[in-house]
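Notes for the one structure printed next.
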Amino acid sequence: MLDVRGLEARYGRITALHGIDLALRAGELVALVGANGAGKSTLLRAISGVQPCSGRILYDGKDIGAVAAERRVALGIVQVPEGRQVFGPLNVEDNLRLGAYTRSRAESDAGLARVFAMFPALKERRHQAAGVLSGGQQQMLAMGRGLMAKPRLLLLDEPSMGLAPRLVEEVFAQVRSLKEARTTIFLVDQNARAALAVADRGYVLETGRVVLAGSGAALLADGQVREAYLGM
C-alpha cells in the first residue's frame, strides 16, 4: 500500500531524514520507534503531506509526492497528530464531524455511530467542549476524529503520550481492535515495548536513519533495541 523511497526532509540547514526507505502492506500494523528527535513525527508528517520533503512516496503504486495534504485525506491517508490537537471550544460531536469533512452527511452519521460504539465515553460527553475532557478522553477524541475520515492508512503519532498506565492499556487495546479490523496502521510511540508488541513489523529510527527493521517480535528480542529503548 505504501512504499517510501529515499525520503529526505530538512528544517533549514538541518537534515531531519536521510534517505528513508520503508513499506507497509495492506492490513499491516507497522511500528516506528526511536528516541526523541530521531525524526519519527517528521516522517509521518511527510507521508500525510504537511512536511516538505524529497524522494518518493508511492501509495497504491502511484507517486503522491505532489499531492496536497487535504487530497491525501480524501485518498484515505489520515494522521492522528501528536499532542491530540483537539478543537477545545467545540463540542465532542463537532470535533468528530470535522474529521469527516471529505465525506457525505450519511457517511458522517454512520462514522459517528461507529466512533461512539468504540468510545462510549465520547457519546456520554458529545455535547461537552473538547477542552474540558481529560487527557485520555481527548486522545480517544483525536483517534475518533481520524476514524471519521474512513482511513485506509492510519498514521498514529504518539497516542499514549502523557497518559496514565491504565489509559495507555486502553489506547493500545483500541489499536489492537483496529488492527483486527484490518485497518492499515503506521504507529509511532515512545512506549517501544507496547508498540512493538502489537506490531506485525517495525523499524528503528536513529538521527533520521532507519538502522533496524524486522518483525515486532524480533525487534523486541533484539539486544540493541532492548538496551536502547526497553531499559533492559
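The values are calculated or read from the model by the stated rules, or taken from the named source; none is laboratory data. Keep in mind that this is a model prediction, so the values were computed, not measured. Here Cβ is always computed from backbone atoms with ideal geometry, including for glycine, and neighbour counts include all displayed protein chains.
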Boolean, Ile64 is crowded, with 20+ Cβ neighbours inside 10 Å and either in contact with a Lys or Arg (Cβ under 6 Å, 6 or more places away or on another chain) or at pLDDT 95 or above (or both): no
Looking at the structure I just gave you, is Ala221 at pLDDT below 95 and within 22 Å of Gly162 (Cβ to Cβ)? no
Could you identify the single residue in Gln174, Gln190 that is assigned to a loop (DSSP other than H, G, I, E, B) and of a type outside the set (D, E, K, R)? Gln190
Only one of Ala199, Ala181, Ala192, Ala142 that is aliphatic (A, V, I, L, M) and free of Cβ contacts under 8 Å to residues at least 60 places away in the same chain: Ala181
Failed item, numbered, when Val168 is tested on (1) closer than 19 Å to Ala69 by Cβ; (2) in contact with a Ser or Thr (Cβ under 7 Å, 6 or more places away or on another chain): (1)
The helices (runs of 4 or more DSSP H) lying entirely within the stretch 41-118 that contain at least 2 residues which are without any contact (Cβ under 8 Å) to a residue 40 or more places away in the chain, farther than 19 Å from Leu7 by Cα and small (Gly, Ala, Ser) are 105-118
Consider Gly55 against the criteria (1) over 28 Å from Glu8 (Cα atoms); (2) modelled with pLDDT of 95 or more; (3) surrounded by 14 or more Cβ atoms within 10 Å (Cβ to Cβ): it satisfies all of them except one. Which criterion is unmet? (1)
Quick one: Asn95 ticks every box in (1) out of contact with any Phe, Trp or Tyr (no Cβ under 6 Å at 6 or more places or on another chain); (2) modelled with pLDDT of 95 or more bar one, so which box is it? (1)
Could you give me the residue pairs with C-beta distances under 8 Å whose first residue belongs to the stretch 160-175 and is on the phi < 0 side of the Ramachandran plot, whose second residue is modelled with pLDDT under 90 and of a type in the set (Asp, Glu) wherever it lies, and which are 6+ apart or on separate chains? Met161/Glu82
